[in-house]
Amino acid sequence: MLFSPGWRANVRQGEVLAVFALGLLLGGVLSGAVVWVLSGLAAPLPDTARTVSILLVAAVGVARELGWVTVPLPQNARQIPQEVLQFRLRRGALQFGFEMGTGVRTYVSASAPYVLALGLLLSHQGLGACLAVGAAFGAGRALSSALTFWARDPDRDAAIGARMPWIRNATALTALTALALLSAL
């Protein structure tokens, strides 16, 4: 559990959330930078091949989300050790946030982040676009934690979870269509 019981801890929960969010943003920006560096590998491909590849990746991602195909996503099946947050709360929250922000330390069950990363890689966008997308990934994860903290409603996650597939799929389709159109220009 990220947030300690406030009356027993010597660190305020809002402070832990802020440090955790900073770690998420830093991890997301690093991932964006890595995608940008790797996108140089796609630069020699013709524009048509890149556009077709982006659309194919998007179609597979949508089919996976709808349950039409089974595509295993990369994951690191290990848990973050409890000691990370128990003994050094600020440093542990920063580390935990950074690892989650990169998207490689924890399992991301949605296809959209992977499809977006591959779309960025294949479209060979500029450094600013890749860093912005990485920061948005970290900010999205931070927003989820912040809303849970601010709501203090134990049933909130279930209510939001029921609406998420539609929101996630619509967002992914919009972003990938935009990337495909940008790379075609």
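If you go through region 82-113 and keep only what is modelled with pLDDT of 80 or more and hydroxyl-bearing (Ser, Thr, Tyr), you end up with Thr102, Ser109, Ser111. Among the residues of region 93-110, the ones that are part of a loop (DSSP other than H, G, I, E, B) and touching a helix residue (DSSP H, G or I) at 6+ places or on another chain (Cβ under 6 Å) come to 4 in all.
Of Ala129, Ala175, all but one fail to be modelled with pLDDT under 75, under 23 Å from Val37 (Cα atoms) and either of a type outside the set (D, E, K, R) or over 12 Å from the mean Cα position of the chain (by Cα) (or both); the exception is Ala175.
Checking each residue in region 15-34 for being of a type in the set (A, V, I, L, M) and closer than 18 Å to Ala132 by Cβ picks out Ala21, Leu22, Leu24, Leu25, Leu26, Val29, Leu30, Ala33, Val34. Within region 130-147, the residues that satisfy the criterion of being in contact (Cβ under 8 Å) with a residue 40 or more places away in the chain and either of a type in the set (A, V, I, L, M) or over 20 Å from Trp166 (Cβ atoms) (or both) are Cys130, Leu131, Ala132, Val133, Gly134, Ala135, Ala136, Gly138, Ala139, Ala142, Ser145, Ala146.
Taking the criterion of being more than 14 Å from the chain's Cα centre (by Cα) and open to solvent by less than 30 Å² (accessible area, probe 1.4 Å), the residues of region 34-68 that qualify are Ser39, Ala42, Arg50, Thr51, Ile54, Ala58, Gly61, Ala63. Residues in region 69-86 that are open to solvent by 50 Å² or more (accessible area, probe 1.4 Å) and either within 25 Å of Pro165 (Cα to Cα) or in a loop (DSSP other than H, G, I, E, B) (or both): Val69, Thr70, Val71, Pro72, Pro74, Gln75, Ala77, Arg78, Gln79, Pro81, Gln82. Is it the case, given these coordinates, that Ala159 is assigned to a helix (DSSP H, G or I) and at pLDDT 80 or above? So Ala159 does not fit the description; no.
The values are calculated or read from the model by the stated rules, or taken from the named source; none is laboratory data. All figures in this text were calculated on a predicted structure; none of them were measured in a lab. Using ideal geometry, Cβ is built from the backbone for each residue, glycine included, and neighbour counts are taken over all protein chains shown. These area figures cover heavy atoms from the full protein model, side chains too; ligands, DNA and RNA do not enter into them. Shrake-Rupley method; radii C 1.70, N 1.55, O 1.52, S 1.80 Å.
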